[in-house]
Amino acid sequence: MGLRREQEVEIRKPPQFMPGERVRATRHIRNDGTYPGREIGESLVRKGDDGYVRDVGTFLQQFYIYAVEWVDRGTVVGMRAGELMSLDKVGSPCSAQTTVGSSEGTAR
């Protein structure tokens, strides 16, 4: 049994995106089985898609989940901050984040 690495509790800080803010997906998002009416593995959001934050919620009292409306796709998908970059804020801290490894996420 190994020690689990503790992750930062995001909700101790203000959300990085606010409702109405225009954002862009920084990675492909596929359905992990939690998005109703779509097949598991089906693409929900493509890297580079633009959308608008509709709501900000939390998950496990630790992470912010941003409900993003992808107007061109006609869907609302829950996204984490690292999967988004702001198009309204110049020099947004999230717009500079890159993740080494997989460029695909899962629906939340």
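The values are calculated or read from the model by the stated rules, or taken from the named source; none is laboratory data. As the structure is a prediction and not an experimental result, all values here were calculated from the model. For neighbour counting, all protein chains shown are included, and Cβ atoms are generated from backbone atoms with ideal geometry for every residue, glycine included.
Restricting R73, R54 to residues that are outside any loop (DSSP other than H, G, I, E, B) and without any contact (Cβ under 8 Å) to a residue 40 or more places away in the chain narrows the list to R54. Scanning region 28-39 for residues being surrounded by fewer than 20 Cβ atoms within 10 Å (Cβ to Cβ) and part of a loop (DSSP other than H, G, I, E, B) gives a total of 8.
The condition of being at pLDDT 95 or above, over 18 Å from K13 (Cα atoms) and touching a strand residue (DSSP E or B) at 6+ places or on another chain (Cβ under 9 Å) holds for only one of R108, R38, R54, R73, that being R54. Among the residues of region 76-96, those that are within 13 Å of the chain's Cα centre (by Cα) and at pLDDT below 90 comprise C94, S95. Scanning region 40-58 for residues being buried (at least 19 other Cβ atoms within 10 Å of the Cβ), of a type in the set (A, V, I, L, M) and under 14 Å from A81 (Cα atoms) gives a total of 1.
Filtering E42, E21 for residues that are in contact (Cβ under 8 Å) with a residue 60 or more places away in the chain and more than 11 Å from the chain's Cα centre (by Cα) leaves a single hit, E21.
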